[in-house]
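What follows is calculated from the coordinates using simple rules that are stated; it is not laboratory data. This is a predicted model, so every value here is computed, not measured. Positions of Cβ are backbone-derived with ideal geometry, glycine not excepted, and every protein chain shown enters the neighbour counts.
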Amino acid sequence: MDPLSLPKLKQHNSLSNIIAIFLSTMAMLSKNLHSTSTPLQLLLVLLSLQRLFLFQQWNWNPIFHLLLLSCFFLVYVLRVGALAFKPPSVYLVDYSCFKPPSTCQLPLSRFIQHASSIISFDSQSVEFMAKIVASSGLSEQTYLPPALLSSPPKTHQREYIKEAEMILLPLMDDLLTKAKLSPRDIDILLVHCSAFCPSPSLSSIIVNKYSMRSDVKSFNLSGMGCSAGAIGIDLAQNLLKTNNNCYAIVISTEILSAGWYSGHERSKLLINCLFRMGSAALLLTNRKEASKTSKYRLIRTLRTQTAFDDKAYLTAIREEDDDGKLGVTINKGLLPAAGELLRSHMTILGLKILPLTEKLKHVVSVIRKKFKDKEGEIYMPSFKTAIQHFCLPTSGRALIGEIAKGLNLDGRDVEASLMTLHRFGNQSSSSMWYELAYMEAKERVKKGDKVLMLGMGTGPKCCSCVWECVRPIAGDSNKNSPWRDCIHLYPVEAVSSISQT
């Protein structure tokens, strides 16, 4: 501390001197402390101020020591008060994943046959889609909605609503049954779907079907891409900070019939090949009693985006082709843009969650490379020192492989992502919950474990959520799990290697 930061005072016990010292001391304490400071840190600052008083030759008067103790006590009381008003923790009570009926399964041979029967596709388009699906890592058991299994596909408003009700209503029923709650117990409802934004909204459809309360806070997000699931959690957390003793339901879905592309542009046909049916609903709460019965506690959320950059913004965009047919264009610059976004996002997240030793190793390696060993490598912090389980975007094996490489993850760390892509395909924003269900079905998540959910979507934007498992969940992990009838078949060795991504 700068000894000149306190005024030079005359050595007499005047009221003006006492007031000046008090205000200067409080200013120093406020500058050097924050709400998470420990009593030891407060004491260290106090001792530093005491040494400053010795420098100023004020130690002869006991009133200055009393003044210091008073400042310490006041700041500590304010700190305790701030902690008392800290928003309650947000808990994940339970979640449900939608498993489509077997009639919606689409083997590769049937997909090719079906695509060939659609007049709007020429032979080159069918050949291209068959090649993409064959190399995508998808199994023979992924699902498409009934509207897209018709020939020609039914892509109009009525079918979109049918698909939404086919997915959302059973999902809500299952979640409410698990939690033993009535629809009227729900205080906040968030639904997000990128491709389909009807009026009334999807959230209004649910409010209507379940006769929810008139004061339920309902929200509908659209156009957020595969990151919408994590963004919805972040939004729900903020709402729960300002509304006490509430239940919030967040639903992640995608209406595929609304995003189907029937043209010839290859950059738009990729959506038809990779995206498959899936949806997830989760129940969040900030009730204190939920800490004993919930599965997870939300530790942290983080959001970053690069939509301000034109080049990144245009890497994935919904637009019409030359024939006026609407589709999502995926450009070659998507992977590099995603890599830059992920690097920026994980740097910020690492500063917040990584242990101090990992941060120091990185800093020391940077300094050594700059001043001593020019040929030396910079140490990349290991996120596995803070996170035990990873739920990554299932946008393709290539992206999963790039993320694994950037985070120094091994095959077991990305197993849930690869197996989810294989069994269910890319389910957009809900995929991360099928990944968590996979890890639970394998009984890998233990009490105290941390789970990182990473969502990346168009924009591009990235949102992550860090959860902590707060109770043993092995006993109920397979109840209504989408993996309950096939978990014994996984992992599939043919698609479990990162080197193949």
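Given the options Ala338, Ala281, Ser294, identify the residue whose Cα lies farthest towards the positive end of the charge dipole of the range 276-345 (+1 on Cβ of Lys, Arg; -1 on Cβ of Asp, Glu). Going by the charge dipole, the pick is Ser294. Just the Cα atoms of the range 403-487, one point each, no solvent: what log10 I(q)/I(0) does Debye give at q = 0.15 Å⁻¹? Those come out to -0.59, one per q.
For the range 308-347, taking Cα atoms only, Rg and Dmax work out to 12.5, 43 Å respectively.
Principal axis extents of the Cα atoms in the range 90-497, from largest to smallest and rounded to whole angstrom, are 66, 53, 44. Extension gain for the segment Lys332 to Ile112, taken as residue separation times 0.36 nm less the Cα-Cα distance, is 76.7 nm to one decimal. Take 201-208, 443-450 and order them by the average number of nearby Cβ atoms within 10 Å per residue, most first; the result is 201-208, 443-450. Taking amide H as placed 1.01 Å from N in the peptide plane, Lys217 has its amide H under 5 Å from the amide H of Ile188, Leu189, each at least 5 places away in sequence or on another chain.
Counting only C-alpha contacts under 8 Å and six or more residues apart, can you give the relative contact order of the range 90-497 as a whole percent?
Reported relative contact order: 22 percent.
Based on the alpha-carbon set only, what is the convex hull volume of the range 343-453 divided per residue, in Å³?
Normalising the Cα hull of the range 343-453 by residue number yields 111 Å³.
Working from label points 7 Å from Cα in the Cα-to-Cβ sense, the Asp410 to Ile378 distance is 2.6 nm.
With 0.36 nm allotted per residue and the present C-alpha distance subtracted, the Ser120-Ala134 stretch has 2.9 nm of extension available. The Cα center of the range 135-160 and the Cα center of the range 169-226 differ in position by 23 Å.
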